[in-house]
Amino acid sequence: MMSSKDMLAGKTALVTGAGRGIGRSVAVRLAGLGAQVIVSARTDGEITEVAGEIEGSGGKAVAMKTDVSEEREVEALFTRIQEEFGRLDVAVNNAGVGLFGPLENFPVEEFDRVLAVNLKGTFMCCQQAVQMMKPAGRGYIINIASVVGFKGYPGQSAYTASKHGVMGLTKSLANEVQEDGIRVSAILPGGVDTRLVRDARPDLDSACLLSPDDVAQAVEYLLSLSDQAAVDQIYIRRRSSQPF
Ligand code: NAP
């Protein structure tokens with residue numbers, strides 16, 4: 001039996017929003033499973049540090065700076081992946097922003113920003129990933145949605161709309177590409193101890209939050225399943241906490 005260290009040996013995995021938080025943990029975990037990881041986000045210093053940490057512990061990683069809300073940057077990212085590696089086995093669409101406040105006076109430009117990164121960014125990365133994976137007849141796309149992909153809390157209308165949108169495109173795409181050998185799943189975490197939550201909810205105790213590695217473990221679980229198994233979504237939350 002293959003050891004988990006080799007589970008992704010020879011495979012290439014892209015993680016967006018991998019400079020910190022959940023994406024960082026996912027990138028480190030996939031590298032630990034043997035994947036060549038593309039560590040992507042906007043902040044050069046953070047992605048370079050994550051890629052360096054992976055390489056320093058014997059893994060394979062390269063940092064590729066990308067703003068997922070910009071079509072040309074997304075296209076350039078996938079062109080570079082094709083040129084440098086010639087394959088993409090796993091795409092974890094994780095990049096996201098959280099801007100919160102009551103709908104009544106929520107700035108429309110902030111609504112546009114949340115939708116542009118969380119929903120349009122995920123859409124464009126899915127599109128490029130499918131174009132690379134389809135000719136190969138295989139691939140796994142994992143979209144990091146949120147518990148607000150099916151729930152709705154006060155003061156989170158824009159963010160919630162974006163994550164409901166991610167769920168919609170994930171469900172549709174999963175059916176659209178299953179005959180092409182491509183699997184598409186969503187992970188819907190409750191509160192996770194990252195900068196996004198710390199900025200939005202400084203009142204929350206980290207004892208009621210998941211750790212980023214809990215989400216990374218869910219990613220590993222999906223990738224460990226046999227090709228015939230399709231998991232549409234995983235809702236994961238901190239045990240014993242108020243569902244958040
Ligand atoms: P985080 O610590 O703030 O990390 C977000 C990552 O996304 C960073 O690497 C950030 O880097 C990147 N990013 C933001 N805008 C981007 C853009 N336009 N293009 C490319 N990368 C961009 O937040 P997190 O909590 O880990 O969030 C990761 C994902 O999990 C998000 O989709 C979030 O909605 C989702 N999620 C989080 C929670 C939670 O409680 N924390 C719960 C459910 C779901 P740059 O700013 O350098 O680009």
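The values are calculated or read from the model by the stated rules, or taken from the named source; none is laboratory data. No experiment lies behind these values; they were computed from the predicted model shown. So basically every Cβ, Gly included, is an ideal-geometry build from the backbone, and we count neighbours across all protein chains shown. When the accessible area is computed, the model is the full protein with side chains, heavy atoms only, and any ligands, DNA or RNA have been set aside. Shrake-Rupley method; radii C 1.70, N 1.55, O 1.52, S 1.80 Å.
Can you confirm whether Y221 is aromatic (F, W, Y), within 15 Å of the ligand (Cβ to nearest atom) and either surrounded by fewer than 21 Cβ atoms within 10 Å (Cβ to Cβ) or touching a residue at least 24 places away in the same chain (Cβ under 8 Å) (or both)? Outline the logic, then answer.
On the way: aromatic (F, W, Y): yes; within 15 Å of the ligand (Cβ to nearest atom): no; either surrounded by fewer than 21 Cβ atoms within 10 Å (Cβ to Cβ) or touching a residue at least 24 places away in the same chain (Cβ under 8 Å) (or both): yes.
No.
Test L88 against the stated conditions and say whether it is part of a loop (DSSP other than H, G, I, E, B), open to solvent by less than 10 Å² (accessible area, probe 1.4 Å), over 19 Å from P212 (Cβ atoms) and more than 8 Å from the ligand (Cβ to nearest atom). Show your work before the answer.
Numbers: part of a loop (DSSP other than H, G, I, E, B): yes; open to solvent by less than 10 Å² (accessible area, probe 1.4 Å): yes; over 19 Å from P212 (Cβ atoms): yes; more than 8 Å from the ligand (Cβ to nearest atom): yes.
Yes, satisfied.
Working only within segment 104-162, note down all residues that are of a type in the set (D, E, K, R) and either more than 21 Å from L30 (Cβ to Cβ) or within 12 Å of the ligand (Cβ to nearest atom) (or both). Lay out the reasoning, then the answer.
Of the residues in segment 104-162, the ones of a type in the set (D, E, K, R) are 104, 109-110, 112-113, 120, 134, 138, 151.
Those that are of a type in the set (D, E, K, R) and either more than 21 Å from L30 (Cβ to Cβ) or within 12 Å of the ligand (Cβ to nearest atom) (or both): E104, E109, E110, D112, R113, K120, K134, K151.
Those residues that are touching a residue at least 24 places away in the same chain (Cβ under 8 Å) and either assigned to a helix (DSSP H, G or I) or closer than 13 Å to V15 by Cβ (or both), I need them from segment 61-79; list them, please.
The initial filter retains those residues of segment 61-79 that are touching a residue at least 24 places away in the same chain (Cβ under 8 Å), namely 61-69, 71, 74-75, 77-78.
Hits for segment 61-79 are A61, V62, A63, M64, T66, V68, E71, V74, E75, L77, F78.
If I go through segment 228-240 residue by residue, how many of them are free of Cβ contacts under 8 Å to residues at least 60 places away in the same chain and away from the ligand (no atom under 11 Å from the Cβ)? Break it down into steps so the answer makes sense when it comes.
Going through segment 228-240, the residues free of Cβ contacts under 8 Å to residues at least 60 places away in the same chain turn out to be 228-231, 234, 236, 238-240.
Next cut, away from the ligand (no atom under 11 Å from the Cβ) only: 228-231, 234, 239-240.
Number satisfying all stated conditions: 7.
Can you tell me which of D213, D205 is at pLDDT below 95 and either over 21 Å from the mean Cα position of the chain (by Cα) or within 14 Å of the ligand (Cβ to nearest atom) (or both)?
Working: D213 fails: at pLDDT below 95.
Within the list D213, D205, the selection yields D205.
Quick check: is even one residue across segment 186-197 away from the ligand (no atom under 11 Å from the Cβ), surrounded by fewer than 20 Cβ atoms within 10 Å (Cβ to Cβ) and in contact (Cβ under 8 Å) with a residue 12 or more places away in the chain? Give the steps one after another, and end with the answer.
Pass one, segment 186-197, residues away from the ligand (no atom under 11 Å from the Cβ): none.
No, the conditions are met nowhere in segment 186-197.
Within segment 131-142, identify whether any single residue is surrounded by fewer than 23 Cβ atoms within 10 Å (Cβ to Cβ) and touching a Pro at 6+ places or on another chain (Cβ under 6 Å), and answer yes or no.
No; the residues of segment 131-142 include none that is surrounded by fewer than 23 Cβ atoms within 10 Å (Cβ to Cβ) and touching a Pro at 6+ places or on another chain (Cβ under 6 Å).
Mind checking whether some residue in segment 38-57 is touching a residue at least 12 places away in the same chain (Cβ under 8 Å), in a strand (DSSP E or B) and away from the ligand (no atom under 15 Å from the Cβ)?
Within segment 38-57, not a single residue is touching a residue at least 12 places away in the same chain (Cβ under 8 Å), in a strand (DSSP E or B) and away from the ligand (no atom under 15 Å from the Cβ).
Could you grab me the full set of residues in segment 66-75 that are over 16 Å from V114 (Cα atoms) and surrounded by 16 or more Cβ atoms within 10 Å (Cβ to Cβ)? Even if it seems obvious, please write down each step before you answer.
Kept after step one, since they are over 16 Å from V114 (Cα atoms), are these residues of segment 66-75: 66, 72-75.
Selection gives T66, E73, V74.
Residues to consider are F111, F100; find the one that is open to solvent by 20 Å² or more (accessible area, probe 1.4 Å), farther than 24 Å from S185 by Cα, in a helix (DSSP H, G or I) and at pLDDT 95 or above.
Values: F100 fails: in a helix (DSSP H, G or I).
None of the other options fit; the residue is F111.
Of the residues that make up segment 65-78, is at least one of a type in the set (S, T, N, Q), within 9 Å of the ligand (Cβ to nearest atom) and touching a Leu at 6+ places or on another chain (Cβ under 6 Å)?
Taking segment 65-78 and keeping what is of a type in the set (S, T, N, Q), we get 66, 69.
Still in the running and within 9 Å of the ligand (Cβ to nearest atom): 66, 69.
Now narrow it down to the ones that are touching a Leu at 6+ places or on another chain (Cβ under 6 Å): 66.
Yes: one or more hits.
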